[in-house]
Each structure stands twice: as structure tokens, then as C-alpha cells.
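Peer 1: First the structure, which I've put down as C-alpha cells, then a few questions once you've had a look.
Bear in mind that the values in this text are calculations on the coordinates, not laboratory data. In this text the structure is predicted, and so the values were computed from the model without any measurement. No Cβ is skipped: glycine too gets one built from the backbone with ideal geometry, and neighbour counts run over all protein chains shown.
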Amino acid sequence: MDDLTTLTTTKACTVRLLKKLQDNIELARMKIKPSKSRSISIVKGKLSDQRFLIGDEPIPTVSEKPVKSLGRWYDASLDSSDPFVAQAAPILATGRKWTPLEATKQAKAALKHRDIVGRVQHGRSGLGAGASTPACNKATLFQRRKLVVQEVRQQEEAARCAKAVSQAKQGQWMTWEGVEKRKISWQELWEMEAFKASFTIRAAYDVLPSPKNLSQWYGEDPTCSLCPTPATLKHILVGCKTGLTQGRYTWRHNQVLQCLAAVMESRRMSVNALPPPSRRPATTFVREGGGQATLTTTRPETGQLGGARDWKMLADLGQKLRFPAEIATSNLRPDLVLWSASLKQVYIVELTVPWESAVEEAYERKKLRYADLAADAQQRGWKAKVCPVEVGCRGFVATSTSRLLREMGVRGKAHRQAVKYLSRAAEKGSQWLWIKRKDSAWAVG
């Protein structure tokens, strides 16, 4: 046997492979004949004129010299005269319960049905909310392929959600509202410690060995070690009265607040360091006979803070915050106060670390709590805005938190890093509460 076939993905790999192959064959006192060899390069489904060398002698391409192998000719057309070969479909290694051909047919049928029905409303965000998708019958070939792939993923996600709804415990995440999706990459999962990865996954589905779960699984005592109450995971992380009295939940709250204050303080200092904002409107020029100018608004990178350079901030770390008397007189202590005297504008930020299914309830409760304080500030001529933010005790960040960060100008990569920063702080605090669930004495590690 004296024939070899090599297959690589890049030109550089082919060059390195040919050089190593030539060196090894020369060690065996043999020689490659470039005139009897052929090369073919395909880039994005089309032939490419790439040249390869054996020593200093070029290898002919199939476009220049067609070649016959195993009874068939190969040339630049890449078509086979054999009807069985030309009509043979590629074999895809998939599971027994899912076939790509059937999934693709269903996705195409769903896209055609969507074109007929038109755009519909999902969720409770209101009419017209949500991103619009292009019609499949008017999309380009690239867009159509992307729509089909997206539809296949959505159908698989819908099937997974339909199964999760029927699960009383593992499907509790289906009832969460106002919570951002959390993505954990494979790299992050591999870098996690075994206990942390186990806690993250099992806490999300409420299958940690809490006394209540152990009672259901093995008939053990479901009573909490700190109080005479059945100890579910929710009770351990947010509902134990003894843990609340000992300051366990306050400690975790302050850990998340410290992260949020660091993000907000960094943003405040970067905005205050900028040059003073320009008050003069931009002048738009048009060509002669061009008609009225079209004004295009650009999103300011500084967010809502771009109108001033005298922003100040106070954080209730260590229970030392006093609400600024120049804004209003109050005994309430919000977690963060951000204000500008030149704009007479104040943001009242209140953080909560609730159970994920109670995020919206916590938002409404905190907003109502500081409504009177905002009204007093408005009577003094201030523009007051109450911004309740929530970070779930298992690390799921609420949409209110993401919205506040975007309003402050934290976008893109900085926004993703800030969300991950807050998520890790809440999850780490809850993990420590879980470790200390049986200790009557509270100590921070």
C-alpha cells in the first residue's frame, strides 16, 4: 500500500503535516512523487486556488489535473456521475430519540406557520414588547438557516420547560418572574470546586439534603437545628427566625451590598472625572436642496449620570448611613443614596436578597416603603427615584438590578462582569449559610 490521504482544516496545518510526512518518508528511504499527487482546497463550499509543495516541487490541483481514485474521477466540479453517490445523504451520529431531519422539518413548518399568523405577544410585558424577527419567506439564505437553527433550539427548550412544569420540586424555577437567565460556561464549571459546583446545581433545583428533603427521602426528622420549624432549603436560606436574629441574613446582604456599592462607586468616580458636559445642542448641516435634517439620537455612554459631574454616594455598610438632610429629613436608611446637587436628582437604592420566587414581591414591598421619602424629596424640588434591586439568594440576579446598572451606564462587558460579581457574592454567602445550618453559634468564615 503506497497511497496516503490527508485531511486538515487549515492551510498552515497542511503545510506542517506535509513537511513532517516528507521527513518521515525520507527516513524510511522512500520518496513522494508530487506529479502523481493531487491537492484540493475548499473554502466556504467553493474551490480555492491554494498551492502546496513537496520540497520545491508543487503538487497539482484537481482543477489542473483530474485524478482517478478507486474507480472514480475527481475534478473541479466536485460532482459524481454515480447517482447513488450523488444522492447519498450524510450520516449524522445522533441519539435514538432525536433526529436532525425530523427536527428540521418541524422547525421549517413552525416558521411557515409564524409567517402566516404574524407576530404574537409573549409574557406580560405589554403589546409591542420584545424583539421582532424577520419573516422566513423574506429572509436571505443565511438568515433562513439561522432562523431554522434558532427554532430548533426553541422547540427543544419548550419541550424541556413542558417537562419541568410537571415536576413539583425540580421545576420550581418555572414560577420565577423578574429574574435574569444565568449562564455558566464549561470553563467556569471546570474551574469550580466540587462542593461549589454541587451546591450551585442542586440549590437551583432544590434537591440539597435539607432536613425536609431527608424526611421525604429517608423518613428523618425534618425539624430545623435552630428553631422548631420544618427546615426546607427556603427556610434555611431566607426564612429562619433564629438565623435572622443572629444576623446571618444581614451578613449575606452586606456582602452583596458591598459588591454593588463597589460597582456604583467606580461608575460615579469615572463619570465625575469626565470633562463638564456640553449644554450647547449639536448643529446638523444638510446639503442644498436636501430637505429637513434628520436628527439621530445616540445612547450616551455615561447613562443617566452624564448630566453632572458632582455625584455623591453613601452606602449603608455597618449601619452608618444618614439620609442627606439637604434632600429630605428621614430616619429611613436605604442601602445606597446617589445624588447630584446641581441637577437636584437623587436615586434611592434598596437591595434585597430574597428567595427567587419572591423577587417581584420584594420589589413592590421596598418600592412602597420608600414612596413617602421620595415624595418628601420631590416637594423640596428634587427629582427622586426609588430603585429597589434584588439578587436571589441562589445567585440569580433580578431584572431590576440589570436595569439599574444600565441606567447608570454600566453596559456590555462591564455589565456582564458586574452581574457575575453580584451573583457570586450572593451564592457564596448562601453557601456559607448552608454549611453553618446546624451550628447554633454564628461565626463568619
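Peer 1: Report the extension gain between residue 101 and residue 133 in nm, rounded to one decimal, defined as 0.36 nm multiplied by the number of residues separating them, less their alpha carbon distance.
Peer 2: Fully extending the segment from residue 101 to residue 133 adds 9.2 nm.
Peer 1: Nearest 500 deg cm²/dmol is fine: what mean residue ellipticity at 222 nm does the chain get from its DSSP H runs of n ≥ 4 alone, each adding -39,500 (n - 2.57), divided by its residue count?
Peer 2: Estimated from H runs of four or more residues: -12500 deg cm²/dmol.
Peer 1: Convex hull over the alpha-carbon atoms of segment 117-231: what's its volume per residue in Å³?
Peer 2: Cα-based convex hull of segment 117-231, divided per residue, equals 175 Å³.
Peer 1: While we're here: Using the Karplus equation 6.51 cos²θ - 1.76 cosθ + 1.60 (θ = phi - 60°), what ³J(HN,Hα) coupling, rounded to whole Hz, does each residue of segment 312-325 give in order, writing x for Gly and Pro?
Peer 2: Coupling constants for segment 312-325: 10, 9, 10, 10, 8, 9, x, 6, 10, 7, 10, 4, x, 5 Hz.
Peer 1: Mind giving me the FRET efficiency for residue 24 and residue 155? R0 is 60 Å, r the Cβ-Cβ distance, nearest 0.05 is fine.
Peer 2: Efficiency, rounded to the nearest 0.05: 0.75.
Peer 1: Check which residues have an amide H placed less than 5 Å from residue 387's amide H, if you skip close sequence neighbours.
Peer 2: Correct list: 348, 349, 350.
Peer 1: Placing +1 at every Lys and Arg Cβ and -1 at every Asp and Glu Cβ, with all other atoms neutral, what dipole size does segment 330-445 have around its Cα centre, in debye to the nearest 20?
Peer 2: 420
Peer 1: Compute the length gained on full extension between residue 35 and residue 109: take 0.36 nm times their separation in residues and subtract their Cα-Cα distance, giving the result in nm to one decimal.
Peer 2: Working it through step by step, the gained length comes to 21.5 nm.
Peer 1: Neighbour counts of other C-beta atoms within 10 Å: give me 335, 372, 3 arranged from fewest to most.
Peer 2: Ascending number of Cβ neighbours within 10 Å: 3, 372, 335.
Peer 1: Over all directions, how big on average is the projection of the convex hull of the alpha-carbon atoms in the chain, in square nanometres?
Peer 2: 38.2
Peer 1: In addition: Can you give the angle from 0 to 90° between the axis of helix 100-117 and the longest principal axis of the chain, with both taken from C-alpha atoms, to the nearest 10?
Peer 2: Here the helix axis deviates by roughly 60 degrees.
Peer 1: Pulled fully out, how much extra length does the chain show between residue 375 and residue 266, if you take 0.36 nm times their separation in residues and subtract their Cα-Cα distance?
Peer 2: 36.4 nm
Peer 1: In the chain, what percentage of the DSSP-assigned beta bridges are antiparallel, given to the nearest 5?
Peer 2: Around 70 percent antiparallel, to the nearest 5.
Peer 1: Let me ask you something else. List the pair-distance distribution P(r) of segment 11-79, using every Cα-Cα distance, as the percent of pairs falling in each 5 Å bin from 0 up to the bin containing the longest distance, rounded to whole percents.
Peer 2: Distribution as computed: 3, 15, 23, 23, 19, 12, 4, 1 percent.
Peer 1: Please say if segment 364-445 is rounded, prolate or oblate, where rounded means a/c under 1.5 for a ≥ b ≥ c the square roots of the C-alpha gyration tensor eigenvalues, and otherwise the choice is prolate for a/b larger than b/c and oblate otherwise?
Peer 2: oblate
Peer 1: What do you get for the angle between helix 11-27 and the principal long axis of the chain? Use alpha-carbon atoms, 0 to 90 degrees, nearest ten.
Peer 2: Roughly 50 degrees, rounded to the nearest 10.
Peer 1: Consider a paramagnetic label point 7 Å from the Cα of residue 188 along Cα→Cβ; state which residues of segment 408-438 have an amide N under 17 Å from it.
Peer 2: Backbone N within reach: 411-431.
Peer 1: Enumerate the amide H contacts of residue 179 below 5 Å, restricted to partners 5 or more residues apart or on another chain; note that Pro and chain-start residues carry no placed amide H.
Peer 2: Sorted by chain and number, the residues that satisfy this are 399.
Peer 1: Mind listing the phi-derived Karplus ³J(HN,Hα) values for segment 339-354, rounded to whole Hz, using 6.51, -1.76 and 1.60 with θ = phi - 60°, and x for any glycine or proline?
Peer 2: Values, residue by residue: 9, 10, 6, 5, 8, 6, 10, 9, 10, 9, 10, 10, 9, 9, 10, x Hz.
Peer 1: Can you check what the Kirkwood hydrodynamic radius comes to for segment 207-278, Cα pairs only, in Å to one decimal?
Peer 2: Roughly 15.2 Å, rounded to one decimal.
Peer 1: Same structure, new question: In whole angstrom, how far apart do the alpha carbon centroids of segment 24-52 and segment 179-240 sit?
Peer 2: Between the Cα centre of segment 24-52 and that of segment 179-240, the gap is 58 Å.
Peer 1: From zero up to wherever the largest Cα-Cα distance of segment 130-172 sits, split into 10 Å bins and tell me the percent of pairs in each.
Peer 2: Computed distribution, short to long bins: 26, 34, 24, 15, 2.
Peer 1: Leaving out same-chain residues fewer than 8 places away, which lysines sit with a Cα under 23 Å from that of residue 33?
Peer 2: Straight-line reach from residue 33, under 23 Å: 11, 19, 20, 65, 68.
Peer 1: Say R0 is 22 Å: what FRET efficiency, to the nearest 0.05, do residue 221 and residue 245 get from their beta-carbon distance?
Peer 2: 0.45
Peer 1: So what are the ³J(HN,Hα) numbers for segment 372-388, from phi and the Karplus equation (6.51, -1.76, 1.60; θ = phi - 60°), rounded to whole Hz, Gly and Pro as x?
Peer 2: With coefficients 6.51, -1.76 and 1.60, one gets 5, 5, 5, 5, 5, 5, 5, 5, 8, x, 9, 8, 9, 9, 8, 10, x Hz.
Peer 1: Which of 190, 98, 355 comes first, and how do the rest follow, when ranked by fewest Cβ neighbours within 10 Å?
Peer 2: Ordered from fewest to most neighbouring Cβ atoms within 10 Å, 190, 98, 355 come out as 190, 98, 355.
Peer 1: Arrange the peptides 235-242, 181-188, 111-118 so that the one whose residues have, on average, the most other Cβ atoms within 10 Å appears first.
Peer 2: Packing proxy ranking, top to bottom: 235-242, 111-118, 181-188.
Peer 1: Next up: Find the Cα radius of gyration of segment 361-404, compare it with 2.2 N^0.38 Å by division, and give the number to two decimals.
Peer 2: 1.35
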